[in-house]
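Colleague: Below: one structure in structure tokens.
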Amino acid sequence: MKEELRKEWFALMQEGASGHATRFKLRGMRLAQLMRKIAPDLSEAISAGLNAAPSSLTRFAPNVVPRSDAPEVLIIEERPVLPQEPIWPDMVESNLHRLTAEWSSLSILQEAGLLPVRTVLLHGPPGVGKTLAARWVALKLGLPLATLNISATISSYLGKTGQNITQAIEYARTTPCVLFLDEFDALGKRRDDQQDVGELKRVVNVLLQAVDSWSGPSLLIAATNFEDLLDPAMLRRFELNIRFPAPARDQIVQILRALDVPSPLSTSLAPKLEGRPLSDVTRLVTQARKRALLDCMNFTTALQLCAQELQQQKSSRQARREMVRLLHADGQSAHQIARQLRTTHTTVLRDLKEIQGENHG
Ligand SMILES: Nc1ncnc2c1ncn2[C@@H]1O[C@H](COP(=O)(O)OP(=O)(O)O)[C@@H](O)[C@H]1O
Ligand SMILES: [Mg+2]
């Protein structure tokens, strides 16, 4: 206990010195909690002090602090950068705001014996802003984003996956951060190898337990493109589920406008982009900007041209996807489908992912 207290004190000083207000408060709360029984007066004084603390401390530490203590599988972004300001559908926005509001009002909740939402599952088709949302939340809370890509961890650490995932969880249990479990659906994927199946089962159990009894100073966010492949018990365990709907015309118009596309063009382009991931929308605008610059043409012309090309691509892609869908329904493996359609395994996997996304979108 003494050792734990000593560690917490030290960590509190570090967070204070590095100027992270939210992390400082989280640490302080933890310390106050630890001391409640052994030194109730001091515990009370810490809580009171935290409540009076300013909401933002002066930053004088550099943004990127090397984290030698972080396990190899975690990617730590000390201060996440948004590729652009997100535009959320109403339901997503209200859920995300509720989440950040709870975490920003920790002390009020804590005084009433309550805790903010600790575990969140984001689900929806690919390219609609789930990863962006995790970044956004971390940034709003002033917490580092610690990303664990489940799919990559499973494929590159076969046999050691469970151990790696446990390490990542342990890290987030002691270091305040937003622990982001991306591509969570990879857990539900069937493997061909019997040995992997056993390992995967263990990993699922480790994660089930972690989500179930999530404690400590961090917020856990998981993201998945297809919820059906997840263990149903897993879904129920998250305190908050946020569903990202397939992009609507209105949202696309707003994103185009936010990217400085003139209003009338935004409105006329949106129907052509409907049904596509939002990542296509942002990529299209970037492409058009480059093209306007390099081919010396008007930005709006370049944008229309790129949109036209995208639509043509879509038809050939759609044709292939239709075949992938058929062959998959016929029970063929991704490798077999790739061979048949003379395309790559990765392309088939991406098609399948998109098909699944559509089914659930
Ligand atoms: N709601 C949004 N508002 C603005 N841009 C978005 C939004 N959602 C996605 N994008 C664009 O698409 C890109 C990919 O989104 P991402 O968060 O990776 O999707 P997902 O994780 O759902 O697959 C983002 O980097 C951004 O450019
Ligand atoms: Mg993502």
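Colleague: Could you check Val81 against (1) of a type in the set (Val, Ile, Thr); (2) at pLDDT 75 or above; (3) open to solvent by less than 40 Å² (accessible area, probe 1.4 Å) and say which number it fails?
Modeller: Val81 satisfies all of (1) of a type in the set (Val, Ile, Thr); (2) at pLDDT 75 or above; (3) open to solvent by less than 40 Å² (accessible area, probe 1.4 Å) except (3).
A quick yes/no check of all residues on (1) at positive phi; (2) surrounded by 13 or more Cβ atoms within 10 Å (Cβ to Cβ):
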residue: Leu256; (1), (2): no, yes
residue: Ala292; (1), (2): no, yes
residue: Gln308; (1), (2): no, no
residue: Met323; (1), (2): no, yes
residue: Ser333; (1), (2): no, yes
residue: Ile337; (1), (2): no, yes
residue: Arg342; (1), (2): yes, no
residue: Val348; (1), (2): no, yes
residue: Gly357; (1), (2): no, yes
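Colleague: Among the residues of region 199-224, which ones are more than 16 Å from ligand 1 (Cβ to nearest atom) and of a type in the set (Gly, Ala, Ser)?
Modeller: If the condition is that a residue be more than 16 Å from ligand 1 (Cβ to nearest atom) and of a type in the set (Gly, Ala, Ser), then Ala210, Ser213, Ser215, Gly216, Ser218 are the ones that fit.
Colleague: Look at Gly127 and say whether it is crowded, with 18+ Cβ neighbours inside 10 Å, on the phi > 0 side of the Ramachandran plot and outside the structural domain of Arg257 (by TED's automatic domain parsing).
Modeller: yes
Colleague: Next question, about the same structure. Kindly evaluate Lys314 against the criterion of being part of a helix (DSSP H, G or I) and open to solvent by 70 Å² or more (accessible area, probe 1.4 Å).
Modeller: Against the criterion (part of a helix (DSSP H, G or I) and open to solvent by 70 Å² or more (accessible area, probe 1.4 Å)), Lys314 does not qualify.
Colleague: So which residues in region 96-105 are surrounded by fewer than 20 Cβ atoms within 10 Å (Cβ to Cβ) and part of a helix (DSSP H, G or I), if there are any at all?
Modeller: His97, Arg98, Thr100, Ala101, Glu102, Ser104
Colleague: For Ser56, which of the numbered conditions (1) surrounded by 12 or more Cβ atoms within 10 Å (Cβ to Cβ); (2) at pLDDT below 80 fails to hold?
Modeller: Exception for Ser56: condition (1).
Colleague: What are the residues in region 202-247 that are more than 16 Å from ligand 2 (Cβ to nearest atom), at pLDDT 80 or above and open to solvent by 50 Å² or more (accessible area, probe 1.4 Å), if any?
Modeller: Arg202, Asn205, Gln209, Asp212, Ser213, Ser215, Arg236, Arg237, Glu239, Asn241
Colleague: Could you check how many residues of region 166-188 are of a type in the set (Phe, Trp, Tyr) and in a strand (DSSP E or B)?
Modeller: Selection size over region 166-188: 1.
Colleague: Can you pull out the residues in region 1-26 that are of a type in the set (D, E, K, R) and over 19 Å from Ala45 (Cβ atoms)?
Modeller: Within region 1-26, Lys2, Glu3, Glu4, Lys7, Arg23 qualify.
Colleague: If you don't mind, there's one more thing I want to ask. Which residues, taken from region 282-308, are touching a residue at least 12 places away in the same chain (Cβ under 8 Å) and within 13 Å of Leu265 (Cβ to Cβ)?
Modeller: Correct list: Leu284, Val285, Ala288, Thr300, Ala302, Leu303, Gln304, Leu305, Cys306, Ala307.
The values are calculated or read from the model by the stated rules, or taken from the named source; none is laboratory data. This is a predicted model, so every value here is computed, not measured. As a convention, Cβ positions derive from the backbone with ideal geometry for all residues, glycine included, and neighbour counts pool all protein chains shown. Quick note on the areas: whole protein, heavy atoms, side chains included, nothing else; ligands and nucleic acids left out. Shrake-Rupley method; radii C 1.70, N 1.55, O 1.52, S 1.80 Å.
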